[in-house]
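Asker: Here it is, the structure, as structure tokens.
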Amino acid sequence: MSKQAALAIVAHPDDVEFTMAGTMLLLKDKGFDIHFWNLANGSYGSMVHPLADIIRIRAEEGAAGAKLAGATYHPAITDDLAILYRPEFIAKITAVVRAVKPSIIFTHSPQDYMEDHMNAARLTVTGTFIRAAPNYVSDPPVPAWAGDTVVYHAVPHGLKGPLRETVHSEIYVDMATTLARKGAALAAHKSQQEWLEATQGMGSMVGEMEEFSAGVGALSGRFAHAEGFRRHLHFGFADEAFDPLSDALGDKAWRDPDYGKTASLLRGSK
């Protein structure tokens, strides 16, 4: 029997390490093959390096971060701000999903502070949805795969959507035991420290990540450091009860029993 796989599809180099690498490392420890894929090459993520140099640097940093995590690294397919909802990108995502056959897919929140993140999430959902259709030709062509998979959306930066609305998690993952390894993988993205200082006033990138994960942990009410996720609706992906992340991590994952309660009450009131 082949190993289970978890695939992260995000916008930029360092997005995996900042938002979901702690959980992926836990899955790695459970025997999963893990895959890191940033769709954009980080082309505009520097105030000092010329375009060609920063693209090369960020590819090297992305590969280094993935190597530290024990993950397979997939190369970028476009420039920053060019992650657009286009058929050619859907075809590329479907090819990777069909090849990797992941039971778990991580991506950004559908609501986030920048369009690259939200478009990456949309492309991931569509590219995964169409994986089982034999008439759909991926790029490169890969045979259709109808296996069950769940798309898990990570929390947005700042825990808020683009209109400053609070975004709550459905599943909280205790990543205290992988925090140091997550930080080491994030620190591989050295070029981003100066960029974030210059554009967002961010001090230590690793320190910011640790503070953020502590904030998510506080929202869980039980973990010191956590990552948070919401499951995409199951139609076209898997059985409604299928939750491979919770199944794999056991007591390291906690599902908030109040998540979605308002929606349920509204359905019941009709």
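Throughout, read-outs are computed from the coordinates displayed, never taken from laboratory work. Note that the structure is a prediction, hence the values are computed from the model and not measured. Here Cβ is always computed from backbone atoms with ideal geometry, including for glycine, and neighbour counts include all displayed protein chains.
Asker: What full-extension length gain, to one decimal in nm, is calculated for residue 30 and residue 52 as 0.36 nm per residue of separation minus the Cα-Cα distance?
Answerer: 4.1 nm
Asker: If you don't mind, another one. Run down the aspartates and glutamates and flag those whose C-alpha is under 20 Å from the C-alpha of residue 28, throwing out any fewer than 8 positions away in its chain.
Answerer: Here the aspartates and glutamates satisfying the reach criterion relative to residue 28 are 14, 15, 17, 148, 174, 227, 243, 247, 251.
Asker: Taking all pairs of different Cα atoms in the stretch 52-148, averaging 1/r and flipping that mean, what Kirkwood radius in angstroms comes out?
Answerer: Radius from the Kirkwood sum: 14.5 Å.
Asker: When only Cα pairs under 8 Å and 6 or more residues apart are kept, what is the percent relative contact order across the chain?
Answerer: Computed value for the chain: 22 percent relative contact order.
Asker: How do 26-34, 226-234, 240-248 rank on mean C-beta neighbours within 10 Å, highest first?
Answerer: By packing density, highest mean first, the sequence is 226-234, 26-34, 240-248.
Asker: Quick check on packing: order 157-170, 50-63 by the mean number of other C-beta atoms within 10 Å, highest mean leading.
Answerer: Packing order, densest peptide first, comes out as 50-63, 157-170.
Asker: In this model, which of 101/190; 101/182; 160/182; 92/252 are farther than 27 Å apart at the alpha-carbon?
Answerer: 101/190; 92/252
Asker: I've got another one for you. Express as a percent, rounded to the nearest 5, the fraction of DSSP beta bridges in the chain (both residues included) that run antiparallel.
Answerer: On the way: 11 of 28 bridges.
Expressed as a percentage, antiparallel bridges in the chain total about 40.
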